[in-house]
């Protein structure tokens, strides 16, 4: 790989471990992130004033990167509020509520629905569609909001995104870097994706049931009140029509995403725009006076919620964005020629420093993938895993597709939205749970899944 690691790289790595340590001890990471940004600014600019400015600029960059997610979550929350106030939500969830009778059934139904929808247009829009309808049902039958968030997160941002069988954005990147056909990566990833998914979701469910039986995790009464689960409203004819129209509109969104190949941000914006239309129509029907002002009130409610949830996330996201593209955009070209960013340089250095055989190759690809996932995107480092898989397979003599798929899975499970707090914000925000609590809940099941999947990959090489 030939990239010399500078004091900047080692300093960044030190702060990564400090942040992880603070998270493990369940303390707030904001102070460590701000200090880390400032120190990186000092090392790169050698200027006190520029370093202080780097803190602010990194926050601006993080907000700009997260703004689309913040907005769609805020709008969905605003829409959910008016649907709850009007009673439309009650009518909509009625048929589903009759099907889901237990917390366990709710966990698996929500997870499988999330996985299937995410295959077609990725997890972020799927969170909005699944969460808005099924969260109240799950709470009613006794599945805590944290359990709902885990199900949506592990099945959507984990299983669906790591395989990406339909859209094939991830395997196209890794296959291109590895120099093999996309179909080879997809085929090789199938057993690994489902082994990883089965181990992780079953383990997470076991821990969830254990804590529910102990009483340490339960549905809070205020969540039921806030979601209007128990409130009886006088139903008017327009409520039934809206309860029918809303699922149809979201179904049309799904059809449009498939028909026009809308992915990522385009798919999210379609869902967000649809939510604004639903919010507007429902408000106009429900409120007889001050209708225009009520639309603004609901939007303010949503934006307050969105920025309150994202407040703790912005500093930590700002720090980790410096490990990738954010460094150049915020500070400038400060790394040597040939560098792929701080995080990718560290991953490449690790790959170049270990002896090569099948078991070590599998362990290294998992580790490198996990490291590159720490920036929270899940996708920024998967090209690196493909190139490393190519190098390793030449030394080992086999297994390029398996190694590529393994690195892809590790990078996306860590960075795509199951362990890095700001990456799993959509599920946490929809369920109104702390993203750091959700990350801690996912940690052990995901680590167990990665361990088992890596061992299986050793036998497939």
Q: Fewest Cβ neighbours within 10 Å first, please rank 84, 174 accordingly.
A: 84, 174
Q) Between residue 35 and residue 290, what is the spin-label point distance in nm, taking each point 7 Å from the Cα along the Cα→C-beta axis? A) 4.8 nm
Q. With a Cα-only, solvent-free Debye model of the stretch 54-183, what are the log10 I(q)/I(0) values at q = 0.17 Å⁻¹?
A. -0.96
Q: For the stretch 115-220, just list the percent of Cα-Cα distances falling in each 5 Å bin from zero outward, please.
A: 2, 13, 19, 19, 17, 12, 8, 5, 3, 1, 0
Q. Quick one: length gained pulling residue 64 to residue 27 fully straight, 0.36 nm per residue minus the C-alpha distance?
A. 10.7 nm
Q: List 433, 91, 368 from most exposed to least, where exposure is judged by having the fewest other Cβ atoms within 10 Å.
A: 91, 433, 368
Q: Would you mind ranking 56, 392 by Cβ crowding within 10 Å, fewest neighbours first?
A: 56, 392
Q: Please report, in cubic angstrom per residue, the volume enclosed by the convex hull of the alpha-carbon atoms of the stretch 310-449.
A: 103 Å³
Q) When Rg is the radius of gyration of the Cα atoms in the stretch 1-87 and Rh is its Kirkwood radius, what does Rg/Rh come to? A) 1.18
Q.
Using a 7 Å offset from the Cα along the Cα-to-Cβ direction at both residue 249 and residue 116, what is the distance between the two label points in nm, to one decimal?
A. 2.4 nm
**Q.** Between 0 and 90°, nearest 10: helix 30-45 axis offset from the chain longest Cα axis
**A.** 40 degrees
**Q.** With Cα atoms, 0 to 90° folded angle of helix 382-396 axis to the chain main axis
**A.** 40 degrees
**Q.** With Cα atoms, 0 to 90° folded angle of helix 400-413 axis to the chain main axis
**A.** 50 degrees
Q. Mean 1/r over all different Cα pairs, inverted: what Kirkwood radius does the stretch 401-453 give, in Å?
A. 11.5 Å
Q: For the chain, just the Cα set please: Rg and Dmax, both in angstrom.
A: 22.6, 74
**Q.** Estimated distance in nm for a label pair at residue 216 and residue 398, the labels positioned 7 Å out from Cα along Cα-to-Cβ
**A.** 4.4 nm
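The numbers here are math on the coordinates, done by the rules we state, and not lab data. Remember, it's a predicted structure, so these values are computed and weren't measured experimentally. Cβ sites come from the backbone with ideal geometry, for glycine too, and all protein chains shown count toward neighbours.
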